[in-house]
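See below for the structure under consideration.
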Amino acid sequence: MKFCRFRVGLVEKDGVLVDGKVREIEGSIFDDYVITDRIHDEDGLEFLPPILPSKFTCIARNYVAHAKELGNDVPEIPMIFLKPSTAVNAHGGEIIIPTESEQVDYEGELAIVIGKKCRKVKKADAESVIFGYTCLNDMTARDLQKIDTKFTRAKSYDSFAPIGPYIETDFDWKTARTKTIKNGEVVQDGTTDLMIFDIPTIIEYMSGIMTLLPGDIIATGTPAGVGRVDAGDIIEVEIEGIGRLTNKVVDDKE
Ligand code: MG
């Protein structure tokens with residue numbers, strides 16, 4: 001199932017993609033819901049982030065070639081950080097370049113959406129706590145990350161976490177391929193078999209640190225090929241089987 005959220009007028013709706021059309025649903029995607037006969041075309045739909053996570057957790061440097069392209073060592077244990085939930089952005093939303101950064105980079109990633117409250121999950125049980133997967137662009141103010149050495153400022157600006165357009169619940173992460181497309185040109189193309197820490201390992205590690213709640217996100221890291229964006233660029237993250245997340249980059253006008 002491909003779940004999404006969208007806006008009709010002032011009203012926010014949940015939906016599911018059926019035969020190429022978005023059908024409104026009533027109820028909770030994590031519990032009971034009913035698929036209604038209220039149907040919308042995908043084209044022209046105002047998408048919202050498919051989920052509003054209580055926390056947005058991330059794995060850094062989970063692909064060898066990406067760690068090396070930025071001159072970093074390959075981590076021996078998963079390296080984690082957080083993005084604030086206020087950074088979440090939608091398919092079709094604008095990515096805003098902060099005035100204090102001279103280099104904002106894209107990072108196309110596969111993101112896990114947690115389906116149930118859990119802690120201390122063993123690798124063998126990891127699949128049972130996953131609701132689905134979505135596309136993420138882990139936008140990063142690279143120059144500020146280098147100045148601070150800590151990730152928080154560089155990763156936390158409003159609009160720096162576009163996700164969507166859909167959460168796919170029927171998805172085989174083992175064969176997932178993540179592409180990033182900048183102005184029509186493929187700039188990242190990585191498969192999950194290149195991950196240093198696979199998804200069961202990530203779930204075990206993260207849930208061993210903090211209780212995970214339904215809707216929480218774990219970003220699984222970006223493949224090689226990260227690079228900067230500028231105002232006017234169209235940046236897209238495409239994962240076969242999930243969809244294509246499209247965003248336009250703009251300068252901060254404030
Ligand atoms: Mg990242």
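A few points about this structure:
- Residues located in region 186-197, provided they are surrounded by fewer than 17 Cβ atoms within 10 Å (Cβ to Cβ) and either free of Cβ contacts under 8 Å to residues at least 60 places away in the same chain or not aliphatic (A, V, I, L, M) (or both): Val186, Asp189, Thr191, Asp193
- Put simply, of Asn89, Asn72, Asn62 the only residue that is among the polar types (S, T, N, Q), farther than 20 Å from Asp158 by Cβ and touching a residue at least 24 places away in the same chain (Cβ under 8 Å) is Asn62.
- Among the candidates Gly215, Gly208, Gly164, Gly241, the residue that is at pLDDT below 95 and open to solvent by less than 50 Å² (accessible area, probe 1.4 Å) is uniquely Gly241.
- Strands (runs of 3 or more DSSP E) enclosed by region 46-118 - at least 2 residues per element that are more than 13 Å from the ligand (Cβ to nearest atom) and open to solvent by less than 10 Å² (accessible area, probe 1.4 Å): 108-114
- Of all positions in region 210-221, none carries a residue that is of a type in the set (Asp, Glu), away from the ligand (no atom under 14 Å from the Cβ), closer than 16 Å to Phe171 by Cα and within 16 Å of the chain's Cα centre (by Cα).
- Checking each residue in region 12-27 for being closer than 13 Å to Glu46 by Cα and either in contact with a Gly (Cβ under 9 Å, 6 or more places away or on another chain) or among the small types (Gly, Ala, Ser) (or both) picks out Asp14, Gly15, Val22.
- Remark: pairs (first residue in region 135-148, without any contact (Cβ under 8 Å) to a residue 24 or more places away in the chain; second residue open to solvent by 10 Å² or more (accessible area, probe 1.4 Å); Cβ separation under 7 Å; 6+ apart in sequence or on different chains) = Gln145/Phe151.
The values are calculated or read from the model by the stated rules, or taken from the named source; none is laboratory data. Model, not experiment: these values are computed from the prediction. Backbone-built Cβ (ideal geometry, glycine too); neighbour counts: all protein chains shown. Calculation scope for accessible area: heavy atoms of the full protein, side chains included, ligands and nucleic acids excluded. Shrake-Rupley method; radii C 1.70, N 1.55, O 1.52, S 1.80 Å.
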